[in-house]
Structure formats: structure tokens, C-alpha cells
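For reference, the structure discussed in these notes is given below.
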Amino acid sequence: MDFEKLMSPGSITIFSVSKADLGESLARLIASTIVMKLWFEVLARARLNKPRTPVFLAIDEFQFVADLPIINTILSEARKYGL
């Protein structure tokens, strides 16, 4: 999946990660992967001096990603990277 394209201006992407369909463990893994991949793409964009158009990330069922070791860093630094 091309996250750089997903972050392009005017794009809207919705991921449906249903624990009813996937089971809680797999839903948690997929949600965590999406958040981490998006974070690394935002960091890469900044490192390569690409335009920082705002990217909005809304997480329903936040408890799936709340225990990620990097979540505090993401929450405290996201704004300066346009997330």
C-alpha cells in the first residue's frame, strides 16, 4: 500500500479493522501497523524536505494502539510533522 499516495492533498482513506471479523489480536496488529507506517511516512516526508500538507488521523477504538511503545512520541511530536 502506497502511504505516500494516501497522504496526498485531498485524499481520504478509511481503514475498517473490525475485531468482530478479524479477532481482537489481528485487529490490534493491523491497527498498530497502520499507525506506525503512517508515522514513519510522515517522518520520511520531513527528512526528505517534502511539502508537509496536513494529514489527519482519527482512531476509533484507540485502545488497540494505546500500548504501542512509540505512541507517546507520536502524540507529542505529530503536529510539527504535519500529522
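The values are calculated or read from the model by the stated rules, or taken from the named source; none is laboratory data. Remember, it's a predicted structure, so these values are computed and weren't measured experimentally. Every residue, glycine among them, receives a Cβ derived from its backbone with ideal geometry; neighbour counts consider all protein chains shown. Ligands, DNA and RNA are stripped out before the accessible areas are found, and what is left, the full protein with its side chains, is counted by its heavy atoms. Shrake-Rupley method; radii C 1.70, N 1.55, O 1.52, S 1.80 Å.
A few notes on this one:
- For the pair Ser18 and Asn49, a Förster radius of 30 Å applied to the C-beta separation gives a FRET efficiency near 0.20, rounded to the nearest 0.05.
- Packing-based order for 9-18, 52-61, using average beta carbon neighbours within 10 Å, highest first: 52-61, 9-18
- Dipole moment magnitude, nearest 20 debye, the chain about Cα centre, only Lys, Arg, Asp, Glu C-beta charged: 480
- Approximating the spin labels as points 7 Å out from Cα along Cα→Cβ, the Asp60-to-Leu75 distance works out to 2.1 nm.
- Each listed q (0.12, 0.15 Å⁻¹) maps to a log10 I(q)/I(0) for region 1-74 from the Debye sum over equal C-alpha point scatterers, namely -0.36, -0.55.
- Contact order relative to length of region 1-73, as percent, for alpha carbon pairs under 8 angstrom and 6 or more apart: 33
- Nearest 10 degrees, 0 to 90: helix 24-47 Cα axis against the chain principal axis: 10
- Element breakdown for the chain at a 1.4 angstrom probe: carbon and sulfur atoms account for 57% of the accessible area.
- Farthest toward the positive end of the dipole of the chain, out of Ile71, Thr13, Phe40, is the Cα of Phe40, where the dipole comes from beta carbon charges about the Cα centre.
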